[in-house]
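Data block below; observations after.
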Amino acid sequence: MKKIEIYPAIDLYSRKVVRLTGGDFEKIKEYGDDPVETALSFAEAGARWIHLIDLEGAEKGSPVHLKELEKVAASTGLPVQYGGGLRTEEDVALALSSGAKRVYLGSLLFKGSPRTLWKRFGNSIVPSVDVKNGTVALSGWTEVTQLPPEEAITELLRIGYSTFLVTSVSRDGTASGPDLKLYERLKKTDGRILAAGGIRDKKDLADLAEIGVSGAVLGKSIYEGTVDLREAVEEFGIC
């Protein structure tokens, strides 16, 4: 069986563990009030990474949960990839100094200078390619561009970026299944793809692994119990 790295996700809003449905900030569901406790449960289940999403930061345009990032990184000892609201180079540097192993960037990368960011931070940056209605979405998914995701990834590969977080916005938090056709297309770019949005069970993980996707971000499926994290890591996880 093909392997795929499992990234359990913790979405943060008002310092609580939440999930959005379809990228809609009006549809927030709370799953807990202690992100450190949640992260420790993921570590105990065998996770090798924690995927931390500052939803409030994405909405407001500046990072809100850096203290939570610091606590999660320190308490679990696991590498953390963090994003949401990182709109300046200083925000990126602060997130990395607060404990993030990698940060994922959308708005800053596509609206700014990806070459400058690459020269300063290199592979500490994972471009976040959020796909909404077939094109790249920015600013907490509220701004839709005309840029096709294939074109975005191809251009960033030329600069040196190698790993890309690709979220199907309409499926995020819906447990409706991943957009397999999207990931099949994007694999042709030779980028290392981390898939997010709609993953609901182990069959979806198997389908993504078969396509050749390198990683899968799991959120609602873990919280709602349709994926057992320990079983998923044991069955699909990269050792």
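The values are calculated or read from the model by the stated rules, or taken from the named source; none is laboratory data. In this text the structure is predicted, and so the values were computed from the model without any measurement. All Cβ positions, even for glycine, are placed from backbone atoms using ideal geometry, and neighbour counts span all protein chains on display.
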For residue 109, the lone unmet condition from (1) more than 16 Å from residue 160 (Cβ to Cβ); (2) at pLDDT below 95; (3) buried (at least 19 other Cβ atoms within 10 Å of the Cβ) is (1)
Limited to the range 35-63, what total is found for residues that are surrounded by 14 or more Cβ atoms within 10 Å (Cβ to Cβ), touching a helix residue (DSSP H, G or I) at 6+ places or on another chain (Cβ under 9 Å) and charged (D, E, K, R)?
-> 2
Looking at this structure, is residue 199 of a type outside the set (D, E, K, R), part of a helix (DSSP H, G or I) and buried (at least 22 other Cβ atoms within 10 Å of the Cβ)?
-> no
Which members of the range 105-125 meet the condition of being under 12 Å from residue 89 (Cα atoms), in contact (Cβ under 8 Å) with a residue 40 or more places away in the chain and among the hydrophobic types (A, V, I, L, M, F, W, C)?
-> 109, 118
Working only within the range 2-45, note down all residues that are modelled with pLDDT of 95 or more, under 16 Å from the mean Cα position of the chain (by Cα) and on the phi > 0 side of the Ramachandran plot.
-> none
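Given the options 174, 167, name the one that is at pLDDT below 95, within 27 Å of residue 201 (Cβ to Cβ), over 15 Å from the mean Cα position of the chain (by Cα) and surrounded by 14 or more Cβ atoms within 10 Å (Cβ to Cβ).
None of the other options fit; the residue is 174.
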Report whether or not residue 93 is surrounded by fewer than 20 Cβ atoms within 10 Å (Cβ to Cβ), small (Gly, Ala, Ser) and either on the phi < 0 side of the Ramachandran plot or not in a helix (DSSP H, G or I) (or both).
-> yes
Evaluate the following for residue 78: is it in a loop (DSSP other than H, G, I, E, B), closer than 29 Å to residue 232 by Cα and modelled with pLDDT of 95 or more?
-> yes
